[in-house]
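A.B. asks: Here it is: the structure, laid out below.
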Amino acid sequence: MALKVYCDRMSQPSRAVLLFCKINGIEFEEIRIDVINNKHLTPEYKAINPMCQLPAIVNGGFKLFESHAILIYLSCAFPEIASHWYPTDISKRSKIHSILDWHHTNLRRGTVGLIFNTIVGPLKGLPPNHEAAKDGEKLLVKSLSMLENFWLEDGRFLVGSSQPSIADISLVCEIMQLELLSKKDHDRILSPYKKVVQWIEDIKGEITPHFDEVHEWAYWATILAISGGRWRLCIRLYDELERCVVGLLSSGDSCMCIELGDGLVSSRLESGLKN
């Protein structure tokens, strides 16, 4: 029975697990759980993961959640996985664990605090929380500085390795969530950290084309905000040269569905969208 991965590509940890599976040729079935529409809270998904978080996997009769635990399990359960992802050397493995533990209480908390309270929360119908977002950004900047000056101090990849590990995969997927920000805010936060920016490019180079495929959402993003009772939908498309806003549409009671397939964006308007 093929591995089943329950995920949503808007979720940073989900992308890390998907990316690892694709890089290593692990046969799996991707089952999307729509976080924005709270599908992770259904009784069906709760039977798989009582914590109601993403991602989760089912491999035969074995169920597992928490992305770091999943990455470790996959590294050990599939013998074809290259050793650099999760080395057998206890010293190297322990350093990977230290980064993963640090990630959860630092970089991840900062990214989630900023992105959820400014973008994802409002998409779910919650009001923006600017104070919480400000605190999240402070922790994010502090974490990026630690990544720049400590974790990437000794090599191209984390823990001084010449090849990426599961820690690199987990952390880079976290940082890619910043693509949801405006270009101005994205560059303001990330561009001062030259080693981090180069590290991202190095990872992309190591695992092309899987990185771009899993992060395809990063070439487009929808930001749905409520302003004065009117819905505003900004569609951002990315190419190799620039990011540009290609649409700004609004209505009082309308919906735009964006679908990405075969590299193309199509849209379906409902409820009499007004320009």
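A.B. asks: Do we have any residue at all in region 201-220 that's in a strand (DSSP E or B) and more than 21 Å from Ile81 (Cβ to Cβ)?
C.D. replies: Yes, there is a match, as at least one residue in region 201-220 is in a strand (DSSP E or B) and more than 21 Å from Ile81 (Cβ to Cβ).
A.B. asks: Let me ask another. Within region 28-46, does at least one residue satisfy the condition of being more than 16 Å from the chain's Cα centre (by Cα) and closer than 23 Å to Ile99 by Cα?
C.D. replies: No - not one qualifying residue is present in region 28-46.
A.B. asks: For region 183-214, give me each residue that is within 21 Å of Arg15 (Cα to Cα) and hydroxyl-bearing (Ser, Thr, Tyr).
C.D. replies: Passing the criteria: only Thr208.
The rows are residues; the columns are (1) in the same structural domain as Glu206 (by TED's automatic domain parsing); (2) part of a strand (DSSP E or B); (3) touching a His at 6+ places or on another chain (Cβ under 9 Å).
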residue	(1), (2), (3)
Ile31	no, yes, no
Gln53	no, no, yes
Tyr73	no, no, no
Ile99	yes, no, no
Thr111	yes, no, no
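A.B. asks: For region 130-139, does any single residue satisfy the condition of being over 17 Å from Arg108 (Cβ atoms) and among the aliphatic types (A, V, I, L, M)?
C.D. replies: There is no residue in region 130-139 that is over 17 Å from Arg108 (Cβ atoms) and among the aliphatic types (A, V, I, L, M).
A.B. asks: Which of the following residues is aliphatic (A, V, I, L, M), closer than 30 Å to Leu152 by Cα and surrounded by fewer than 17 Cβ atoms within 10 Å (Cβ to Cβ): Ile81, Ile90, Ile31, Ile96?
C.D. replies: The conditions single out Ile90.
A.B. asks: Still on this model: Please enumerate the residues belonging to region 156-181 that are in a loop (DSSP other than H, G, I, E, B) and surrounded by 14 or more Cβ atoms within 10 Å (Cβ to Cβ).
C.D. replies: Across region 156-181, the qualifying residues are Arg156, Phe157, Ser161, Gln163, Pro164, Ser165, Leu181.
A.B. asks: Let me ask something else. What are the residue pairs meeting all of these: first residue in region 145-169, first residue assigned by TED's automatic domain parsing to the domain that holds Ser91, second residue of a type in the set (Asp, Glu), Cβ atoms under 6 Å, and 6 or more apart or on different chains?
C.D. replies: Arg156/Asp202; Phe157/Asp168; Leu158/Asp168; Gly160/Asp154; Pro164/Glu206
A.B. asks: Which of the residues belonging to region 140-173 are among the acidic types (Asp, Glu) and modelled with pLDDT of 95 or more?
C.D. replies: The answer is Glu148, Asp168.
A.B. asks: Quick check on this structure: which one of His68, His40, His103 is modelled with pLDDT of 95 or more, in the same structural domain as His186 (by TED's automatic domain parsing) and crowded, with 17+ Cβ neighbours inside 10 Å?
C.D. replies: His103
A.B. asks: Only residues that are in a helix (DSSP H, G or I), modelled with pLDDT of 95 or more and not basic (Lys, Arg): list them for region 117-139, please.
C.D. replies: Asn117, His130, Glu131, Ala132, Ala133, Asp135, Gly136, Glu137, Leu139
A.B. asks: Say whether the condition of being without any contact (Cβ under 8 Å) to a residue 24 or more places away in the chain, part of a helix (DSSP H, G or I) and basic (Lys, Arg) is met by at least one residue in region 82-93.
C.D. replies: yes
A.B. asks: Inspect region 142-149 for any residue being in a helix (DSSP H, G or I), more than 30 Å from Cys76 (Cα to Cα) and either within 18 Å of the chain's Cα centre (by Cα) or among the polar types (S, T, N, Q) (or both) and give the result as yes or no.
C.D. replies: The answer is yes, given that some residue of region 142-149 is in a helix (DSSP H, G or I), more than 30 Å from Cys76 (Cα to Cα) and either within 18 Å of the chain's Cα centre (by Cα) or among the polar types (S, T, N, Q) (or both).
A.B. asks: Evaluate the following for Tyr6: is it aromatic (Phe, Trp, Tyr), closer than 25 Å to Ile200 by Cα and in contact with a Leu (Cβ under 8 Å, 6 or more places away or on another chain)?
C.D. replies: No, not satisfied.
The values are calculated or read from the model by the stated rules, or taken from the named source; none is laboratory data. Given the structure is predicted, the values throughout are model-derived calculations rather than measurements. Note that we place each Cβ from the backbone using ideal geometry, even for glycine, and neighbour counts take in every protein chain shown.
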